[in-house]
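Read-outs: derived from the displayed coordinates by stated rules, not from any lab. Everything numeric here is computed off the predicted structure, so don't read it as measured data. Virtual Cβ from ideal backbone geometry, glycine too; neighbours counted across all protein chains shown.
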Amino acid sequence: MYQKPKLWARNVLFAALPVCLLTGCAGVTAESDFQPVLDPAYTVQAEMEYADGQKASLSASRGGDGVWDMTFTEPPALAGVVLSLDGDAVSASYKGLSFSVPKSAVGAKTMLLYVTEVLDGLAGTDPIPCTQNDDGTWETSGDCEGGSYTLTFSADGKLHSFTLPAQPLTVTFTDYVCSSALPAETTTGSTSSAMPESTSVSAETTAPTS
């Protein structure tokens, strides 16, 4: 007689369990037709925090598969330095002058390689499987050389954030712009202004100190 209420409650619990598993039961919506915005070429602003609290701000421009230009604005030791990625090749420049990657940029370079590895890999994925969070953002996860990552997109499909706990690394993205949407004079102007009128001064004296 006293077992019936317990038996009834147990049956209700097991009946609800499959529904809970299907809906997430944690504010996460199952995969849908949501498709993030990852154009073949784009520019996005990034704020990085990595390692033991180091921070960096930069503009990241993707020119195609494995082709990137990362222009630092912070910290002061890296302001103006451009890291260029072309496949497995990584080069550095400052005001148009090429030089070896400074020591102060080595850590940031490694972190950026993890980010570009993931973004390049997802660029060829259609559709990208994502789940929706309570705040309206969407996320996808996987593994890269640096460990397990989570890439989050805003509700409009643009890059929002990237986390790689094993490093640790957190990147916040803003101002995503498809490169084809940029005015032609902006692209041309940035290329010409990067080259100084005179290159008689050595890179060692013009590049930020490491």
For this session: Please work out the ratio of the alpha-carbon Rg of region 42-181 to 2.2 N^0.38 Å and round it to two decimals.
Result: 1.02
For this session: Take the Cα of T150, step 7 Å along the line toward its Cβ, and report every residue of region 38-74 whose backbone nitrogen sits under 15 Å from that point.
Result: none
Exercise. When the Karplus curve 6.51 cos²θ - 1.76 cosθ + 1.60 is applied with θ = phi - 60°, which whole-Hz ³J(HN,Hα) does each residue of region 36-49 get, with x for Gly and Pro?
Worked result: x, 8, 9, 6, x, 9, 7, 10, 8, 8, 9, 10, 10, 9
Exercise. By count of other Cβ within 10 Å, fewest leading, how are D156, D120 ordered?
Worked result: D156, D120
For this session: Note down the Stokes-Einstein diffusion coefficient of region 102-151 in µm²/s, whole number, using a Kirkwood radius over alpha carbon pairs, 20 °C, and 1.002 mPa s.
Result: 173 µm²/s
Seminar exercise, completed: The exposure ranking of K158, K103, K109, fewest beta-carbon neighbours within 10 Å first, is K103, K109, K158
For this session: Determine the relative contact order of region 43-177: mean sequence separation of Cα pairs under 8 Å and six or more apart, normalised by residue count, in whole percent.
Result: 22 percent
